[in-house]
1. Give just the number: which of (1) surrounded by fewer than 19 Cβ atoms within 10 Å (Cβ to Cβ); (2) under 22 Å from residue 11 (Cβ atoms); (3) not hydroxyl-bearing (Ser, Thr, Tyr) does residue 124 not satisfy?
2. Going by the structure shown, is residue 136 at pLDDT 85 or above, open to solvent by 30 Å² or more (accessible area, probe 1.4 Å) and part of a helix (DSSP H, G or I)?
3. Within the group 180, 192, 110, 145, which residue is at positive phi and modelled with pLDDT under 70?
4. Quick one: which residue in 103, 147, 68 is among the small types (Gly, Ala, Ser) and open to solvent by 40 Å² or more (accessible area, probe 1.4 Å)?
5. Considering 88, 24, 63, which residue is open to solvent by 10 Å² or more (accessible area, probe 1.4 Å) and at pLDDT below 85?
6. Could you list, in sequence order, the residues of segment 27-48 that are open to solvent by 10 Å² or more (accessible area, probe 1.4 Å), at pLDDT below 90 and among the β-branched types (Val, Ile, Thr)?
Amino acid sequence: MALIDLIQRQLDDNTVSQLSQQLGTDPNTTRQAVPAALTALLGGLAQNVQQPGGAQQLASALGDHDGSLLDNLGGALGNPAVQADGGGILGHIFGGHRPAVESQVGQRTGLDTAQAARLLMLLAPFVLGYLNRQRRQQQGTAEAGGSITDILNGERAHVEQAHPEHRGILASIFDRNHDGQILDDVASMAGGLLRGGR
């Protein structure tokens, strides 16, 4: 099951209400914002692993994320340790471009920048946990770094297909100098996880 489907399956009324309270927004806006935030997170990671050594370094960074959070989304959302972990993950994924990413997600979802930042922070540990769980399932059938790249590319494509309204979010996030070229901007972003970290 794709990550977006797994998370949305757990977004029952109680969980959405809890998440909305943390964001300070209404449940409908929260439900619509989750796919956009996941698109940004998966897109950032997918671009990072295209850089030399990126997949291997991400594989190492997944060690602290066993995927157990995915079994209790509602409970984990209220865990301060999960929230603190999410802030560190965002810094690794987006580096100095993190404020711009948060701003873009906010503009495209009706959240303000602070709300978008919090949503990305809350969801980031679930993304890494999911990747680690999928990697473990695929070990023995593919080289670890390669399988992570395949998983990320598949997840990104699935989110974009299931939520076509967010297809433009990656270009608007990663083409920061508006020259129509994403790769040069990604190269400057590929700091966090590619330099090591969690």
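The values are calculated or read from the model by the stated rules, or taken from the named source; none is laboratory data. In this text the structure is predicted, and so the values were computed from the model without any measurement. Please note: Cβ atoms are built from the backbone with ideal geometry, for glycine as well, and neighbour counts cover all protein chains shown. Accessible surface is based on the protein model in full, side chains and every heavy atom, while ligands, DNA and RNA are left aside. Shrake-Rupley method; radii C 1.70, N 1.55, O 1.52, S 1.80 Å.
1. Of everything listed in (1) surrounded by fewer than 19 Cβ atoms within 10 Å (Cβ to Cβ); (2) under 22 Å from residue 11 (Cβ atoms); (3) not hydroxyl-bearing (Ser, Thr, Tyr), residue 124 misses just condition (1).
2. For residue 136, the condition - at pLDDT 85 or above, open to solvent by 30 Å² or more (accessible area, probe 1.4 Å) and part of a helix (DSSP H, G or I) - is not met.
3. Residue meeting the stated conditions: 180.
4. 68
5. 63
6. none
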